[in-house]
Amino acid sequence: MSRHILPGLGLVIAAAVMPTAASAGMLGNFDVINDTGKTAHGFEIKLEGLHASDITDTFGGVGRGFPSGRGFDPSNSVVRYGAPTISEYSSGGTFGTRVTYMGLFDGTSWDYGTPSGSFVTPGDNCWSGGGVGYSAGTPCDHFGVGTSANALKTTYSWLLEAATPGVLSNGTVSLPAPAWNIIPAAPPAAGQPPAPPVVVAQIAAPAPEAQDRFGEAIWVKVFTTELEDAIGLEELVGDNAKVKQAETEVEWQLLQIDPGNPNSGQLESGYGAPVGPNAASILRRYEFFKYAGMYDPESNEALVGSDSNPTPDEIGTYLGAQNAALNLDVAQIIDPNPPGQVPEPASLALMLSGLGALGLTVRRRR
């Protein structure tokens, strides 16, 4: 998909909707490295099944306590692209909302871009207040969005210039997005207090490029904590006291989708464990690294000795991190598989199916 930019305006032709101050149920804040080999001039978060009114927060957006201008001055803007544009889309039988951070094109050149390269950050430093010397040469950016409902599918894309100047197309991003769900407890017996729900959060490996071959393998680490109060999008940064409470849940796990096994390539953290009786929010931090070991040349299956204890030479480039949270008191969940609808494999891979007890090691199914 390409975006045609009107010279002198640099705006996506879409109905922009201002995020409201409503409480967010699902929150995601993340650094993402531009490893496309090309300078990007924006970033897109595509949320299938959500309306613009479901977007409650955006990192760097208007009305959320962040400066929303453009550039690298912390007093002017948090991210180089300023506030994002929020627009709804529909295609065939699907609909959703795009949150688009994008540079301005004046007919000749772009005002800002994200260069391609490698970079290691804690996952929340690629912005003007992140403390890594964020500048025009930093090959990563920080984005975030809060929603009042759960997307059926979340897709990230760098926006790269096509052959025609001023036209951007969607490039790939190997950074999975967590999906959330709440499983209510059974009704309590007469005179008994209600039991806490089970919160399900899932991360899925990238979808295979070919139907008969394994997908890209990635390593993931998970940190988690429960909080007795709600959390805001602006709090999902590394130096925040709430994030610092997160403890290791999964030290290492290799994720890779096997085209012959629809249940493969999914990390389920905390499955089956009810939240604490005083929990108002759940916070999870996911860190992602490329798999640097050998692959089977025919099937593309990762030839790894252990999918939970990697050797140093099997851990590749840092891909980025997700700081994600769920506020239990306001969260609403969209049924990821309504009656009569069979989800596509890519959508199914991103849906939630469970959450494991702390310390549970979930092995990739072959």
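The values are calculated or read from the model by the stated rules, or taken from the named source; none is laboratory data. From a predicted model like this one, the values you see are computed outputs, not experimental measurements. Don't worry about glycine lacking a Cβ; one is built from the backbone with ideal geometry, like all the others, and counts go over all protein chains shown.
Rundown of residues vs (1) in a loop (DSSP other than H, G, I, E, B); (2) within 16 Å of V79 (Cβ to Cβ), yes/no style:
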{"position": "T121", "(1), (2)": "yes, yes"}
{"position": "D124", "(1), (2)": "yes, yes"}
{"position": "S128", "(1), (2)": "yes, yes"}
{"position": "Y134", "(1), (2)": "yes, yes"}
{"position": "T138", "(1), (2)": "yes, yes"}
{"position": "N150", "(1), (2)": "yes, no"}
{"position": "L160", "(1), (2)": "no, no"}
{"position": "T164", "(1), (2)": "yes, no"}
{"position": "N170", "(1), (2)": "no, no"}
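Taking the conditions (1) surrounded by 21 or more Cβ atoms within 10 Å (Cβ to Cβ); (2) at pLDDT 90 or above; (3) in contact with a strand residue (DSSP E or B) (Cβ under 6 Å, 6 or more places away or on another chain) in turn, V167 satisfies each one other than (1). Considering segment 1-87, the qualifying strands (runs of 3 or more DSSP E), each wholly inside and each with 2 or more residues that are modelled with pLDDT of 85 or more and farther than 13 Å from Y101 by Cβ, run over 26-33, 40-48, 55-58. Name every residue in segment 234-276 that is of a type in the set (D, E), touching a Ser or Thr at 6+ places or on another chain (Cβ under 7 Å), modelled with pLDDT of 80 or more and assigned to a strand (DSSP E or B), in order of residue number. Within segment 234-276, E247, E249 meet the criteria. Working only within segment 123-151, note down all residues that are surrounded by 24 or more Cβ atoms within 10 Å (Cβ to Cβ) and farther than 21 Å from A83 by Cβ. Those that are surrounded by 24 or more Cβ atoms within 10 Å (Cβ to Cβ) and farther than 21 Å from A83 by Cβ: G123, N150. Restricting attention to segment 193-216, the residues that are farther than 19 Å from L326 by Cβ and touching a Leu at 6+ places or on another chain (Cβ under 6 Å) add up to 1.
Summed over segment 147-178, residues that are over 16 Å from S116 (Cβ atoms) and in contact with a Pro (Cβ under 8 Å, 6 or more places away or on another chain) total 4.
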